[in-house]
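The next block holds one structure in the form of structure tokens; read it before the comments.
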Amino acid sequence: METSVASPCIKICQIDPQSNLCTGCLRTLDEIATWSVMNDEEKRRTLAAVERRRKNDANTEDSGQSW
């Protein structure tokens with residue numbers, strides 16, 4: 001039996017106006033709003049997108065760029 005995919009929410013719910021992503025979980029408003037009706041495959045795809053965003057964010061910070 002497959003268990004339900006856990007939400008990435010960490011209870012820091014604030015949308016960044018530049019990226020339009022939640023600063024806590026890095027999901028879009030649409031991803032947050034539809035999470036409860038997504039099937040497990042859709043949730044896994046969303047989590048993969050969140051992980052890509054997290055890596056991209058870390059790479060941007062690690063680049064040392066200060067414009």
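The values are calculated or read from the model by the stated rules, or taken from the named source; none is laboratory data. No experiment lies behind these values; they were computed from the predicted model shown. Backbone-built Cβ (ideal geometry, glycine too); neighbour counts: all protein chains shown. Areas reflect the complete protein model, heavy atoms only, side chains present, ligands, DNA and RNA absent. Shrake-Rupley method; radii C 1.70, N 1.55, O 1.52, S 1.80 Å.
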Residue pairs qualifying under the 7 Å Cβ cut-off, at least six apart or on distinct chains, with the first in the stretch 41-59 being under 13 Å from Thr28 (Cα atoms) and the second being assigned to a helix (DSSP H, G or I) and hydroxyl-bearing (Ser, Thr, Tyr), are none
Can you pull out every residue in the stretch 13-67 that is open to solvent by less than 70 Å² (accessible area, probe 1.4 Å), assigned to a helix (DSSP H, G or I) and at pLDDT below 95? Ala58
Could you count how many residues in the stretch 13-46 are within 25 Å of Thr60 (Cβ to Cβ) and touching a Ser or Thr at 6+ places or on another chain (Cβ under 7 Å)? 6
